[in-house]
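Here the structure is laid out as structure tokens; the discussion comes afterwards.
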Amino acid sequence: MSVNRIIVLGSGGHGRVVADTLLKMQAAGEPVEPIGFLDDDVSRKGELILGLPVLGAINREDLASIEHEGVIIGIGSNWLRFILAHKLKQWGETSFSAIHPSAIIGNGTEIGTGTLVGPGVVINTGARIGEHVILNTSSSVDHDCIVSDFSHLCPGVHLGGDVRIGEGVMCGIGSSLLPQSRLGPWTVLGAGSVVIRPIRGFEVRVGAPSRRTNNLVHDLTADTATWRDLLSRHPHDVYHLPAYLETCAREEQARSMALHVEIEDTEIFLPLLVKQVPRTLGLRDYWDAATPYGFPSPLIKAETPERLRVLFDALTLACQEQRIVTLFIRLHPCFMDHLAALKEHGQMVMHGPTVLIHLEETPEQHWAQTRTRHRRSLQKLDKAGFTVRIDDWSQFDAFKDVYRATMERIGATQYYFFSTGYFCDLKQSLGDALHLVSVHAPDGTVAAAGLFTHVGEIVQYHLGGTAEGFLQQAPSKLMIHGARAWFREHGARILNLGGGLGGAQDDLFQFKRGFSEHTADFWTFRLVTDAAACEELDRRHADLHRELEMPCGYFPRYRYHCS
């Protein structure tokens, strides 16, 4: 009979328990041979633990240098086992389980790879244990239970019959789950707790019966200190600021929500505006959410697609708890690191290009990228005596008039007609992050004006317009040219001019494209968090609006022509 040489990954307390179990299996005649440990504490290399050497660090190179048939993770942290297990698959490693000889295993049970079954554990018939699970000393799993991957039942935990344990759950010492209990993913259950009703997941619970004491998902709307601390750890833009979200919430008569999920070294942050679904559809107490005007991508720290999947599981559960049916998220053209991974979690739609000006380039490079027609217009405007002013807020009312007149002239939808209060609120709340760039005719009249935001290294062309009497001169070209120069001098790296209407490569896009050769794609991300409710809303909408021709790709469908 061939013997499987096994390396234990981790030489701490739990790693020693795993090694001891393997040694006892070997003594009982099982075809296993623990040959040593790998540990990221390099100072331990060469140390003997239970007579087994620490052979190196936990990495692909050290594993490849040692003859072995398999590995088992000896790390107590569910999250670290989760991370390492996915690395092991990429490295082509085979995971082995360790089952203590004193464990009692019923007929018809299933035990996944990489799992530890400790001394005195009882697993009754029909139970299914996932991969990389820890069933610690004297824990018991009754008939037909399911314990999902990466979970940990601490010593003395008892599961009644037909219990369901989600991924990554930690059940503290001596905790109990009554028959048919449900414990959702990544829940932490305190020592001695008793579960008597279903728990959705991503929370901390203690007591008998257990009560929630903390969430892994937080709404930071009322905790701006934590919100700002989070932003200090991530590249971000104006759309992620508390002041901007609150301003948009007031304008759209929505409830602001700043969802944050943090699990160890992995996190996601998403600013949202939450609105009740259309009352005409007759489905009360349901909501949907969308990001505010602009490009407020989720801020994500997740090194692997597997970690991102856990974050989206948490977001989905949080939305379901609050009866939020759908999420509509506008993505930022400068924050696209997770684009490919996002496609695994919802629908991605590419709308078209946006125009970016790279402000690290020289004025000469900018001028070379400016189209000939734009250059001629700029030269004529300069010769005619038009000038650019930055942050002359005495012209704020003139800007508002010019903007509204522009929207009326081009036939913009109501979405682009902001209230007077919105502009004042925006100026007051954003402070130095908001800038007014105005172009003045020789007599001082405002010919064109725009609002720009500057946060970190990113400038956004937010809103702008041209006065009716100056359309032929195209003074907005001078506005963008002046903004380009001023923000470059003030340390910005990127100026996003946006794209065409709805992402189209129309005249508006071509106008903006005349200033830069650089573009980036604009995407939106759509997620249905409650499929049954969304389907019912779509059905009711279709019954009410049989005559409507639904535009292709409209999301959510139940909101089309429905307030």
#### Entry: Condition check for I7: in a strand (DSSP E or B) and hydrophobic (A, V, I, L, M, F, W, C)
yes
### Task
Could you list, in sequence order, all residues of the stretch 135-148 that are crowded, with 22+ Cβ neighbours inside 10 Å and out of contact with any Cys (no Cβ under 8 Å at 6 or more places or on another chain)?
L135, V141, C145, V147
#### Entry: Qualifying residue in the stretch 410-425 (condition: touching a residue at least 60 places away in the same chain (Cβ under 8 Å), within 31 Å of the chain's Cα centre (by Cα) and in a strand (DSSP E or B))
no
### One residue from V206, V274, V195 being over 30 Å from L426 (Cβ atoms), surrounded by fewer than 22 Cβ atoms within 10 Å (Cβ to Cβ) and of a type in the set (A, V, I, L, M)
V206
### Message
Which of the numbered conditions does I99 fail, given that it passes all the others? Conditions: (1) more than 33 Å from the chain's Cα centre (by Cα); (2) surrounded by fewer than 20 Cβ atoms within 10 Å (Cβ to Cβ); (3) on the phi < 0 side of the Ramachandran plot.
### Response
(2)
### Summary
Filtering helices (runs of 4 or more DSSP H) wholly in the stretch 455-563 for at least 2 residues that are under 30 Å from R279 (Cα atoms) and in contact (Cβ under 8 Å) with a residue 12 or more places away in the chain gives 531-544
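Residues that are touching a Pro at 6+ places or on another chain (Cβ under 7 Å), surrounded by 16 or more Cβ atoms within 10 Å (Cβ to Cβ) and among the hydroxyl-bearing types (S, T, Y): does the stretch 220-241 have at least one?
yes
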### Summary
Every listed condition ((1) closer than 27 Å to T109 by Cα; (2) touching a helix residue (DSSP H, G or I) at 6+ places or on another chain (Cβ under 7 Å)) holds for V188 save (2)
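Return the only residue of V349, V388, V277 being in contact with a strand residue (DSSP E or B) (Cβ under 9 Å, 6 or more places away or on another chain), more than 30 Å from T453 (Cα to Cα) and at pLDDT 95 or above. Show your work before the answer.
Working: V349 fails: more than 30 Å from T453 (Cα to Cα); V388 fails: more than 30 Å from T453 (Cα to Cα).
Answer to the check: V277.
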### Query
Hey, any hits in the stretch 529-536 for a residue that's crowded, with 16+ Cβ neighbours inside 10 Å, of a type in the set (G, A, S) and touching a Pro at 6+ places or on another chain (Cβ under 9 Å)?
no
### Message
Is it the case, given these coordinates, that R182 is modelled with pLDDT of 95 or more, farther than 21 Å from H462 by Cβ, surrounded by 19 or more Cβ atoms within 10 Å (Cβ to Cβ) and touching a Lys or Arg at 6+ places or on another chain (Cβ under 6 Å)?
### Response
no
### Task
Pick out, from the stretch 295-379, the strands (runs of 3 or more DSSP E) lying fully within it that include 2 or more residues that are more than 23 Å from R559 (Cα to Cα) and touching a residue at least 60 places away in the same chain (Cβ under 8 Å).
299-301, 347-358
### Query
Would it be correct to say that R284 is outside any strand (DSSP E or B), farther than 16 Å from H218 by Cβ and touching a residue at least 60 places away in the same chain (Cβ under 8 Å)?
no
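The values are calculated or read from the model by the stated rules, or taken from the named source; none is laboratory data. Worth saying up front: this structure is predicted, and the values here are computed from it rather than measured. Counting neighbours? That spans all protein chains shown, and the Cβs are built from the backbone with ideal geometry, glycine included.
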